[in-house]
Amino acid sequence: MTNQETNAMQQNEQVPTQETNLESAQAKQTEGRPEAGKGRDAHRKQGRQRGDRREKGRREEGQSELKEKVLFINRCSKSVTGGKKMSFSALILVGNGKGKVGYGFAKANELTDAIRKGGELARKNLHTIIMEGSTIPHEVLMKQDGAIVYMRPAGEGTGIIAGSKARAIFEFAGITDIMAKNLGSNNPINQVRATFKALESLTNRDKVLAARTNIRE
């Protein structure tokens, strides 16, 4: 065998060893990359968890001020093949006494479930009421289905002159001086809806004056 053939064989033997070294180096690099990616993902996950905890704490602080009251409970009986099936509906009122109030109406087979569901709906549907001191800014007459509610502002120290359902709504909203009258149906759900619709229609005096000045200009 000549010297040229032996040199060629030695070169061919060295090439696989170089390829194996390159493969091992690439494998080490790829092994390190997922660990770095996992570390970044873990940091992001921890940041999201911290943000969720802060937001949950703020919601709990806001909801801890809310008071809850059961306004009306209705029991429904349905005749089925096996006998009678009972179900319940609950009308729940929620408010903080500082201008925020909401209501929820829910149905369930158990009374406790109906009250719980109604409370959750009430917390989701909170309304901010416009007030002028301890009363409402102006008179309002509102109709909802068969219920008609009339509300009028009252002087300081008058108190709440209204029916049981409207009185509870005013107390939870923080209104302490008002006169209200139900002129229509005695259905409690319609009364509550009409009262909330009337409270939502209230406007601030400054906004009305600003709108009038813009029209004149």
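The values are calculated or read from the model by the stated rules, or taken from the named source; none is laboratory data. Please read all numbers here as calculations on a predicted model, not as lab measurements. As a convention, Cβ positions derive from the backbone with ideal geometry for all residues, glycine included, and neighbour counts pool all protein chains shown. SASA here: full protein model, heavy atoms, side chains in, ligands and nucleic acids out. Shrake-Rupley method; radii C 1.70, N 1.55, O 1.52, S 1.80 Å.
Tell me, yes or no, whether region 147-158 has at least one residue that is surrounded by 14 or more Cβ atoms within 10 Å (Cβ to Cβ), closer than 19 Å to Lys197 by Cα and either among the polar types (S, T, N, Q) or under 18 Å from the mean Cα position of the chain (by Cα) (or both).
Step one: of region 147-158, the residues surrounded by 14 or more Cβ atoms within 10 Å (Cβ to Cβ) are 147-154, 158.
This time we only want the ones that are closer than 19 Å to Lys197 by Cα, so: 147-153.
With the extra rule that they be either among the polar types (S, T, N, Q) or under 18 Å from the mean Cα position of the chain (by Cα) (or both), the set shrinks to none.
No, region 147-158 contains no residue that is surrounded by 14 or more Cβ atoms within 10 Å (Cβ to Cβ), closer than 19 Å to Lys197 by Cα and either among the polar types (S, T, N, Q) or under 18 Å from the mean Cα position of the chain (by Cα) (or both).
The listed residues are Ile129, Ile175, Ile161, and the only one of them that is more than 23 Å from Ser89 (Cβ to Cβ) and touching a Leu at 6+ places or on another chain (Cβ under 6 Å) turns out to be Ile129. For region 163-186, residues that are in contact (Cβ under 8 Å) with a residue 24 or more places away in the chain, open to solvent by 50 Å² or more (accessible area, probe 1.4 Å) and under 27 Å from the mean Cα position of the chain (by Cα) total 2.
Return yes or no: is Asn214 modelled with pLDDT under 90, open to solvent by 70 Å² or more (accessible area, probe 1.4 Å) and not hydrophobic (A, V, I, L, M, F, W, C)?
Yes.
Here Leu111, Leu141, Leu121, Leu91 are screened, and the one residue that is closer than 15 Å to Leu199 by Cα and either among the β-branched types (Val, Ile, Thr) or surrounded by 14 or more Cβ atoms within 10 Å (Cβ to Cβ) (or both) is Leu141. Summed over region 94-108, the residues that are farther than 19 Å from Ile169 by Cα and open to solvent by less than 60 Å² (accessible area, probe 1.4 Å) give a count of 1.
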